[in-house]
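Colleague: Okay, here's the structure, questions in a sec.
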Amino acid sequence: MDIEVRIRGLMMDPSTNMPIVVLKDVGSDAVMPIWVGIFEANAIALEIEKMTAARPMTHDLTRNLVRHLNGELEKVVITELKEDTFYAVLWLKQGDEQVAVDARPSDAIALALRADCPIFVADKVMETAKLNTSGPPEGPTAEQLRGWLEGLNDEDLGRYKM
């Protein structure tokens, strides 16, 4: 079963200075962090802020290609967590055909925001990530990080709260 999530915030990990996308279960208070690269975080932040670039960015181009090929991005699902790496699938529909495409979660999230489609996390991934939020090896312990994430307020999450 998949759990629908929304972006709760986009912030910097205080111990590694890497961007984190904080996903929140729409049906509970559970949160799940995903560390992303700076360029991917920027692409997500641009869409959250509804800022447009002078020329189409990669995720804008992908959305436009899907639309011009009479396709639709129905949903994205973060499907796996293996060796501290998340995996995602884009679920596209063109006519009566449904296609699953492998994607990095950061790209899937950036594209989902642009296509205004839902984001899901497989329940097994949510359970694992909630309990095993190890992040980068030099970061805080899982318990410290979970306590820190659960204690965040709107001010901590900055202007990227949703």
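Colleague: If we sort 1-11, 54-64 on the protection proxy, mean other Cβ atoms within 10 Å, highest first, what's the order?
Modeller: Listed from highest to lowest mean packing, they are 1-11, 54-64.
Colleague: Moving on to the next point. Hey, any idea what Rg/Rh is for region 22-129, computing Rh the Kirkwood way over Cα pairs?
Modeller: That ratio is 0.97, to two decimals.
Colleague: With viscosity set to 1.306 mPa s and temperature to 10 °C, compute the Stokes-Einstein D of region 19-66, Rh being the Kirkwood radius across alpha carbon pairs; µm²/s, no decimals.
Modeller: Reported coefficient: 128 µm²/s.
Colleague: Among 69-79, 104-114, how do they line up by average Cβ neighbours within 10 Å per residue, starting with the highest?
Modeller: 104-114, 69-79
Colleague: Place a label point 7 angstrom from the Cα of Asp123 along the Cα-to-Cβ direction, then list the residues of region 19-36 whose backbone nitrogen is under 17 Å away.
Modeller: 25-31
Colleague: Moving on to the next point. Multiply the residue separation of Lys93 and Val26 by 0.36 nm, subtract the distance between their alpha-carbon atoms, and state the gained length in nm to one decimal.
Modeller: Stretched fully, the Lys93-Val26 segment lengthens by 21.7 nm.
Each value in this text was obtained by applying a stated rule to the coordinates, not by laboratory testing. Since the structure is predicted, the reported quantities are computational estimates derived from the model, not experimental observations. No Cβ is skipped: glycine too gets one built from the backbone with ideal geometry, and neighbour counts run over all protein chains shown.
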